[in-house]
1. Which of (1) part of a loop (DSSP other than H, G, I, E, B); (2) over 17 Å from residue 4 (Cβ atoms); (3) of a type outside the set (Gly, Ala, Ser) is the odd one out, the single condition residue 141 does not satisfy?
2. I'm trying to understand the selection: among the residues of the range 306-351, which are within 30 Å of residue 157 (Cβ to Cβ) and not charged (D, E, K, R)?
3. Can you tell me which residue is nearest to residue 251 (Cα to Cα) among those in the range 137-152 that are without any contact (Cβ under 8 Å) to a residue 24 or more places away in the chain and touching a strand residue (DSSP E or B) at 6+ places or on another chain (Cβ under 7 Å)?
4. Checking the condition exposed (fewer than 15 other Cβ atoms within 10 Å of the Cβ), in the same structural domain as residue 405 (by TED's automatic domain parsing) and of a type in the set (A, V, I, L, M), which residue from 365, 339, 334, 373 passes?
5. Looking at this structure, is residue 385 more than 28 Å from residue 126 (Cα to Cα), surrounded by 14 or more Cβ atoms within 10 Å (Cβ to Cβ), of a type outside the set (Ser, Thr, Tyr) and touching a residue at least 60 places away in the same chain (Cβ under 8 Å)?
6. Only one of 141, 123 is β-branched (Val, Ile, Thr) and closer than 18 Å to residue 197 by Cβ; which?
7. Quick one: which residue in 289, 312 is of a type outside the set (Gly, Ala, Ser), in contact with an Asp or Glu (Cβ under 7 Å, 6 or more places away or on another chain) and surrounded by 12 or more Cβ atoms within 10 Å (Cβ to Cβ)?
8. Mind checking whether some residue in the range 249-267 is within 20 Å of the chain's Cα centre (by Cα), closer than 30 Å to residue 109 by Cα, among the hydrophobic types (A, V, I, L, M, F, W, C) and not assigned by TED's automatic domain parsing to the domain that holds residue 399?
Amino acid sequence: EEREFLAAHVVGSTTTYRDIDLADQVLLVAFEPEEESPIVFLRLNKAFRKRALKVTAIATKLSIGVEKLKGNFIKVAPGAEANALSSQTLTNKSVILVGERAAESAGLLSAVATLAQSSGAKIAWIPRRAGERGALEAGAIGNLLPGGRPVSDAAARVDIAAAWSAQSLPAENGLNATQIIAAVNSGSIGALVVGGVDPLDNAESAQTLAALEKAFVVSLEIAPSAVTARANVVLPVAAVTEKSGSFLNWEGRPRAFDAAVADTHNRSDLRILSMIADEMGRTISLATVTAAAKEIASLGRWDGAKSTLNIVSAAPTPSLSPDQAIITSWRRLLDLGTLQAGEENLAATSRRTVAVISPKRADSLGVKDGDRLTISTQLGSVTLPALVEEIHDDAVWAPRNSRGSELLSQLGVAHGAVVKVAKA
């Protein structure tokens with residue numbers, strides 16, 4: 001569902017900050033702007049203060065950012081967001097801001113697409129990482145070729161095959177990350193080239209680490225990580241300050257940069273990948289940023305039929321026993337992110353790590369603010385100070401990647417999973 005949504009509604013999208021500035025309403029879906037995109041939050045805050053922009057958030061927990069925007073908070077259980085979307089009234093001047101976490105709720109991206117189609121509202125997908133939109137436009141996802149060309153389209157394949165001097169390209173979609181890891185663990189893939197991936201950044205971290213132990217791993221990294229610790233070959237790559245290039249922001253707008261540090265022995269990841277291809281006898285001739293930019297420009301955007309999204313239904317909300325809850329979480333702006341490592345003064349300014357429950361659940365557990373609360377699964381547990389706030393009664397919230405609360409690796413769960421909750 002996520003791949004189809006990105007191909008159909010994000011690649012080639014022209015929604016911009018200007019659309020937010022002019023919107024009659026902004027709907028937030030699986031997106032906490034202050035934590036996950038502060039620049040977007042500032043733009044929303046500006047519009048709210050200048051012209052009382054209406055902001056609506058469909059979420060499980062009322063966030064501080066939405067409170068600051070005086071947003072209309074529609075409280076739903078984790079996983080029930082898709083059903084709530086159907087009751088929203090938008091216009092062709094409205095904007096739906098969708099976060100990357102929407103992929104964790106079955107049917108939610110389909111519901112977003114359906115609402116946008118029926119209302120004429122614009123969609124903006126806003127990921128946390130700087131390179132996501134550029135990766136999609138470059139075809140670094142299994143169902144797309146460069147420029148938004150669908151792998152399933154024969155004319156698109158011929159287009160790229162001619163540009164790459166290849167006889168033909170496969171008509172089948174490439175594997176996604178989960179499928180690649182499964183293929184390594186089953187023995188059908190024997191080697192991995194891993195660039196900038198944290199295996200602890202997903203709920204299947206145990207399987208990912210097992211695959212890294214099993215495969216021959218070439219790691220492209222700027223800092224030590226769980227991947228470099230298991231890699232057969234580690235190739236240090238230049239950081240952004242040591243190379244030139246460009247990012248596409250969530251609008252699809254290029255943001256070029258030049259090297260700030262000229263005297264470095266590190267090569268760019270582009271150059272390293274080109275050298276690996278040369279050694280394999282599969283030359284890609286992209287030794288420089290200029291060469292890559294020239295090829296991207298020559299390919300241009302796909303002007304044929306776009307990919308389509310097959311609508312997925314929302315999953316039913318699970319039934320819970322009294323000691324169970326549905327987890328919801330997001331990554332905070334200041335957390336245990338790799339690029340924040342060693343910045344203790346910065347970390348000291350982060351929000352405190354807490355587990356949030358509703359007043360009703362707090363009463364049933366005999367918990368008050370500050371009491372210790374344990375969230376557990378079969379994999380492990382985290383124990384955090386409790387905070388009683390406005391959140392759905394069936395849910396518990398904790399930060400996804402903060403000190404004492406690394407939910408993906410410690411509990412092995414993401415948004416919508418059932419966990420146990422008890423007073424510690």
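1. Tallying (1) part of a loop (DSSP other than H, G, I, E, B); (2) over 17 Å from residue 4 (Cβ atoms); (3) of a type outside the set (Gly, Ala, Ser), residue 141 fails exactly one: (2).
2. 307, 308, 309, 310, 311, 312
3. Step by step, filter the range 137-152, then rank; the result is 139.
4. Selected residue: 339, the only one of 365, 339, 334, 373 that is exposed (fewer than 15 other Cβ atoms within 10 Å of the Cβ), in the same structural domain as residue 405 (by TED's automatic domain parsing) and of a type in the set (A, V, I, L, M).
5. No; evaluated as a whole, the condition is false for this residue.
6. 141
7. 312
8. Yes, that holds for at least one residue.
The values are calculated or read from the model by the stated rules, or taken from the named source; none is laboratory data. Everything numeric here is computed off the predicted structure, so don't read it as measured data. For neighbour counting, all protein chains shown are included, and Cβ atoms are generated from backbone atoms with ideal geometry for every residue, glycine included.
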